[in-house]
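For reference, the structure is listed below as structure tokens.
The values are calculated or read from the model by the stated rules, or taken from the named source; none is laboratory data. What you see is a predicted model; the values in this text were computed from it and never measured. FYI the Cβ positions are ideal-geometry reconstructions off the backbone, even for glycines, and counts take in every protein chain you see. With ligands, DNA and RNA removed, areas are computed over all heavy atoms of the protein, side chains included. Shrake-Rupley method; radii C 1.70, N 1.55, O 1.52, S 1.80 Å.
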Amino acid sequence: MSKPSPGHSREAATVDVVLVGAGVSGMYAMHKLRQSGLTVQGFEAGSDVGGTWYFNRYPGARCDVESVDYSFSFSEEVQQEWDWSEKYATQPEILSYINFVAERFDLRSDFAFDTRVLSAEFDEEASLWRVTTDQGHDITSRFCIFATGCLSAANVPNIEGRDTFAGNTYHTGHWPHEGVDFTGRRVGVIGTGSSGIQSIPLLAEQADQLCVFQRSANYSVPAGNAVLDEATRREQKANYAERRRLSRLSGGGSPFTADPRSALEVSDEERIEAYNKRWTLGGVLFGKTFADQTSNIEANDTARRFAEDKIRSVIDDPAVAEVLIPKDHPIGTKRIVTDTNYYETYNRDNVTLVDLKSDPIEAIDEAGIKTMSEHYELDDIVFATGFDAMTGALERISVTGRGGVTLKQAWEAGPRTYLGLGVPGFPNLFIMTGPGSPGVLANVILAGEQHADWISDFITYLDDHGLRTVEATTSATDAWVEECSERASRTLFPSANSWYLGANIPGKPRVFMPFIGGFGTYRQICEDVSASGYKGFEMVAADD
Ligand code: FAD
Ligand code: NAP
């Protein structure tokens, strides 16, 4: 296959794979596909690699899976050479790491940056994808891989008067590269998900006045972050192989597992001790202390009560504490936030919590935010309002499959994939960490690696067997959609208005999008599918 001319050529060219997105998933896919001997043209809307970690530069941004685990596992050299300075690295450190990996494996050279893919259309005659970009590319490829991100399409709510605000507005997912100095300013933050909760303590330290506009409270557990000393790093590096093995077998993509017993079958003392241990370990893992915590409401209540006591113990004003304690979802059914000094921040004199449940936003005006009963004068508004998750980035591209049907049309009632990887009606198209995949409930870097390895092996298989097109069958897809939904229905997750269900986006179909059966289980299913000669996919020979 000939390579396309680099840069912004208008000339159509043919490559094996068009790869969209240069976040961690796209980066590893680039490496793996090239290693498999395929030609790849990557496109990335941002100016460089990193995706999430390139765009989310808000103060306080960190990972919530320990860095030693939330990192590429494909290169032992990189694992041994890179030194993480903290248990949960900051965004700048994660981006430095990403740059280090990109340089080591020359991952930039086949990506066109500052280039947004506008459309991808499957040409049934030629069995090729035709891909266009906002920089004038119009190229063809045998395969199209979307590594466009599960949390990359920002959601800026359409609040009345939003554009009339005279001050500055920011979204956490598109933070200015030069940073923002809030010294002496009156700042409003809308949103108390992970991005809001991570940024609020640092914004409060800088701003003159900080108003937090909370619609739904979230559970948050202190990170228990720590500087990693040389001895800890040496020990982690010496045990990397085992750490990764356990992560790949685990439900959540890190080497920690829940106590297999019910939270209800152990003594009160034992239960409290277990919760205390997980609380000290820090962050999101608290939600998986006992196996039935997110499937049995009584078991969940024991964890919820423990967390609520912790929250109350930190906040001086009991009325503020009550507003910060979620009332609308079982703990762990929205991603538990991993914070640093979040609840303590509400003890500061310059911080006001506005409870939008009792006093909703009416409008934004030139001078600030007006709720039903108050007007808050502001210099800056920070939208920590999240993303059109899992489907948003894909549906913002015009993807057309067989018979002129677009992906948006095919997914009108909710996303439908087989294994999260293939879509019926869209031959030779693969999706990474999207709906139907366990990625967002696991460790997305390891999930992305698994997807890329699996897709690359599949393409090699097709080429070795003289096969030209592959397409997920409708029956396998129906079964997978049903399996995802059935597994979710056995848990408490569907009861929460989370982005997993699209509940944060008005009008989005309410469908539980990720595969909740665990990363290890999912890997095994994918391995079984490949070992069976790719059951559930229809393949057509090159000469048919
Ligand atoms: P992304 O990093 O989102 O990359 C997708 C890329 O595709 C983007 O660069 C985007 O510009 C590009 N793109 C999209 N559409 C187009 C188009 N049409 N044309 C060209 N380019 C396009 N997960 C964890 O497991 N652990 C964590 O600790 C964690 N922390 C997070 C913190 C934040 C602030 C956020 C927002 C998410 C976090 N996540 C975390 C989830 C995170 O999104 C993933 O871990 C991971 O970084 C996603 O990588 P990706 O390559 O799949 O997608
Ligand atoms: P999010 O969890 O969806 O939170 C968005 C917040 O904005 C919610 O509090 C939401 O309230 C609020 N909101 C949205 N629209 C609103 C409106 N019109 N009016 C008032 N409030 C509104 O988004 P996020 O915080 O960016 O996090 C998304 C995911 O990214 C996380 O779950 C996590 O997986 C990942 N992430 C991880 C980290 C980390 O710690 N490493 C950091 C950031 C993000 P409602 O709940 O009422 O909708």
Selection from segment 173-212 of residues away from ligand 2 (no atom under 13 Å from the Cβ) and among the aromatic types (Phe, Trp, Tyr) yields Phe182
Residues in segment 433-450 that are farther than 21 Å from Tyr97 by Cα and more than 16 Å from ligand 2 (Cβ to nearest atom) total 1
Within segment 39-50, residues within 9 Å of ligand 1 (Cβ to nearest atom), over 15 Å from Ser96 (Cβ atoms) and either in a helix (DSSP H, G or I) or out of contact with any strand residue (DSSP E or B) (no Cβ under 7 Å at 6 or more places or on another chain) (or both) come out as Ala45, Gly46
Considering residues that are among the hydroxyl-bearing types (Ser, Thr, Tyr), open to solvent by 10 Å² or more (accessible area, probe 1.4 Å) and assigned to a loop (DSSP other than H, G, I, E, B), the number found within segment 68-91 is 4
The condition from (1) open to solvent by less than 50 Å² (accessible area, probe 1.4 Å); (2) near ligand 1 (Cβ under 9 Å from one of its atoms); (3) assigned to a loop (DSSP other than H, G, I, E, B) that Tyr54 misses is numbered (3)
Among strands (runs of 3 or more DSSP E) completely within segment 429-544, the ones holding 1 or more residues that are among the charged types (D, E, K, R) and open to solvent by 10 Å² or more (accessible area, probe 1.4 Å) are 467-472, 537-541
Inside segment 70-123, the number of residues satisfying the requirement of being closer than 18 Å to Val444 by Cα, touching a strand residue (DSSP E or B) at 6+ places or on another chain (Cβ under 9 Å) and aromatic (Phe, Trp, Tyr) is 1
Taking segment 177-220 and the residues there that are out of contact with any helix residue (DSSP H, G or I) (no Cβ under 7 Å at 6 or more places or on another chain) and assigned to a helix (DSSP H, G or I), the one that is nearest to Ala89 (Cα to Cα) would be Gln198
- What about Arg271, is it touching a Pro at 6+ places or on another chain (Cβ under 9 Å), open to solvent by 20 Å² or more (accessible area, probe 1.4 Å) and of a type in the set (Lys, Arg)? no
In segment 399-422, anything open to solvent by less than 10 Å² (accessible area, probe 1.4 Å), outside any loop (DSSP other than H, G, I, E, B) and farther than 16 Å from Ile459 by Cα is listed as Val399, Leu407
Residue set Phe122, Phe143, Phe100; condition open to solvent by 50 Å² or more (accessible area, probe 1.4 Å), outside any loop (DSSP other than H, G, I, E, B) and more than 9 Å from ligand 1 (Cβ to nearest atom); output residue Phe100
Within segment 103-119, of all residues that are surrounded by 19 or more Cβ atoms within 10 Å (Cβ to Cβ) and of a type outside the set (Phe, Trp, Tyr), the one nearest to Thr400 (Cα to Cα) is Val117
